[in-house]
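The values are calculated or read from the model by the stated rules, or taken from the named source; none is laboratory data. Because the structure is a prediction, the values reported are computed rather than measured. Here the Cβ positions follow ideal geometry from the backbone for every residue, glycine too, while neighbour counts run over all protein chains shown.
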Amino acid sequence: MDTDTIVVGAGAAGLAAARALVASGRDALVLEARDRLGGRILTLDDPRALAPVELGPEFVHGRPAVTFALLAESGDTVVDNVEAAWAGSDGALEPVANDPFAAAARVFAPALARPDESVDALLRRAAAAGEDAGVLRWARALVEGFDAADPARASARAVAEEWCGDASAEGAQSRPVRGYAPLIAHLARGLDPARCRIRLRSVVRAIRRDGGGVTVEGEDAGGAFAWRARRTIVTVPLGVLQAGGIAFEPPLPPGTCDAMARLAMGPVVKVVLRFSSPFWEEVAGGRYRDAAFFRAESGPFPTFWTQVPVRARTLTAWAGGPHAAALGRLGEDEAGALALASAGTFFGAPSEARAACEAWYAHDWQRDPFARGAYSYALVDAGDARARLASPVDARLAFAGEATAQSAEAGTVAGALLSGAAAVDALALLERSEIW
């Protein structure tokens, strides 16, 4: 055996799994396809931005103990979000008086007691019952943006389980002060090199299980490789698995395949625009100076946000779900230019936006070959698909990652971190049952 356990993927889930393995006295080999750690965590350091540039996860939703503990270990903390939101189009913006998340959660609450249906069907039902049209627009926008989901396919019950009673619905959102990259670096630094090796640029193509263990095959800079271990934990994104990026021999059992098929990856295009000065704070008599979030009634990027209460020079443009899918033909430079034009139009200040813009950073997660989407959402009648995907295939193979996390933590960094350690525990339990 080359090692006790091979972990496929060095994102939050993979590094958390490696940490748990080392803590239990086991050896691990982490194989990462990218040339960096972090997976879908992608933090850029641009001092001129005056805040971390996050092209992947940015927020801490609620108060997850696992995330806060790791941030404290790494010497970081969070800054709480300001909730001030504005909505409108083409410079005609008005403050949002009520909490749209709480109102949307109320709309979805009945789904907990009904047969499952699509978000579209639930919203039509609510409209027929006389629900406020503005609330329904916000509910749809949050499903598309917050969950990066297609309302025609997304499970209304799963959204209700996620939102109703979730800490994030109470406005408890924050950001790591230094971004998520230091948390990833801290996890990697804490792995004893005598017990854990990390190999970047190592693309896994096949996983073959037999009675004696697991063979993990792929390519790296030196050519083809075949590593042998007693077991493996696969933490690559759901989109890569669904696209057949890794072949499994013997094939995955029907229950695991069905669980994967009942989930989907939400597309996201995220653009961070950097300006010489925050032009949106100066237009319209400075009325948006303390604003945090903006919702566009029209345009290719429905959501913008600032770094308030941090005074930074960036404005983030976000398109999720169907809006991101519509941008799929654009390159990242084109997406950046479109985001800039959209921001200028949105604030009614196109010339000011163009004059102040210094740079942009963009990432289309759907086109990223090692992600194939931003994060997962549940389809109609998904049921316990996440739990079934989290259940080990056998004593040789388990999956981890945000797609295997339970409703409230699905799609989050906290969910990924928890899933990595959970996969280690689940395999250890199976191993003990085999022994005894």
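Across region 354-372, the number of residues qualifying as over 30 Å from residue 203 (Cβ atoms), out of contact with any Phe, Trp or Tyr (no Cβ under 6 Å at 6 or more places or on another chain) and not charged (D, E, K, R) comes to 2.
Any idea which of 359, 341, 337 is assigned to a strand (DSSP E or B), hydrophobic (A, V, I, L, M, F, W, C) and modelled with pLDDT of 95 or more? None of the other options fit; the residue is 359.
Per-residue answers, yes or no, for (1) crowded, with 21+ Cβ neighbours inside 10 Å; (2) without any contact (Cβ under 8 Å) to a residue 60 or more places away in the chain; (3) among the β-branched types (Val, Ile, Thr); (4) over 21 Å from residue 161 (Cα atoms):
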| position | (1), (2), (3), (4) |
| --- | --- |
| 389 | yes, no, no, no |
| 398 | yes, no, no, yes |
| 401 | yes, no, no, no |
| 405 | yes, yes, no, no |
| 409 | yes, no, no, no |
| 421 | no, no, no, yes |
| 426 | no, yes, no, yes |
| 432 | no, yes, no, yes |
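All of 317, 325, 259 fail the test of being closer than 30 Å to residue 157 by Cα, assigned by TED's automatic domain parsing to the domain that holds residue 391 and not in a loop (DSSP other than H, G, I, E, B), apart from 259. In the set (1) surrounded by fewer than 18 Cβ atoms within 10 Å (Cβ to Cβ); (2) part of a helix (DSSP H, G or I); (3) at pLDDT 95 or above, residue 123 fails one condition alone, (1).
Determine, yes or no, whether residue 99 is of a type in the set (Asp, Glu), surrounded by fewer than 16 Cβ atoms within 10 Å (Cβ to Cβ) and closer than 23 Å to residue 148 by Cβ.
Spelling it out, residue 99 is indeed of a type in the set (Asp, Glu), surrounded by fewer than 16 Cβ atoms within 10 Å (Cβ to Cβ) and closer than 23 Å to residue 148 by Cβ.
Kindly list the number of the only condition in (1) buried (at least 17 other Cβ atoms within 10 Å of the Cβ); (2) within 30 Å of residue 258 (Cα to Cα); (3) modelled with pLDDT under 95 that fails for residue 326. In the conditions (1) buried (at least 17 other Cβ atoms within 10 Å of the Cβ); (2) within 30 Å of residue 258 (Cα to Cα); (3) modelled with pLDDT under 95, residue 326 misses (1) alone.
Of the set (1) farther than 24 Å from residue 4 by Cα; (2) in a helix (DSSP H, G or I); (3) at pLDDT 95 or above, all apply to residue 408 but (3).
When residues in region 150-185 are screened for being within 24 Å of residue 53 (Cα to Cα), modelled with pLDDT of 95 or more and either hydroxyl-bearing (Ser, Thr, Tyr) or touching a helix residue (DSSP H, G or I) at 6+ places or on another chain (Cβ under 7 Å) (or both), 5 of them pass. Residues in region 87-112 that are aliphatic (A, V, I, L, M) and either part of a helix (DSSP H, G or I) or touching a residue at least 24 places away in the same chain (Cβ under 8 Å) (or both): 87, 92, 93, 96, 102, 103, 104, 105, 107, 109, 111, 112.
Scanning region 67-126 for residues that are in contact with a strand residue (DSSP E or B) (Cβ under 8 Å, 6 or more places away or on another chain) and at positive phi turns up just one, 88. What are the pairs with Cβ atoms under 9 angstrom where one residue, in region 265-276, is farther than 18 Å from residue 45 by Cβ and the other, located anywhere, is aromatic (Phe, Trp, Tyr) and in a strand (DSSP E or B)? Sequence gap at least six, or different chains. From residues that are farther than 18 Å from residue 45 by Cβ, the pairs are 265/375; 265/377; 266/375; 266/377; 268/318; 268/375; 269/318. For region 263-294, a residue qualifies if it is within 20 Å of the chain's Cα centre (by Cα) and of a type in the set (D, E, K, R), and exactly one does: 270. Being without any contact (Cβ under 8 Å) to a residue 12 or more places away in the chain, more than 23 Å from residue 427 (Cα to Cα), assigned by TED's automatic domain parsing to the domain that holds residue 430 and among the small types (Gly, Ala, Ser) is not true of residue 239. On the stretch given as region 293-307, residues that are within 22 Å of residue 175 (Cβ to Cβ), in a loop (DSSP other than H, G, I, E, B) and either touching a helix residue (DSSP H, G or I) at 6+ places or on another chain (Cβ under 8 Å) or modelled with pLDDT under 95 (or both) total 3.
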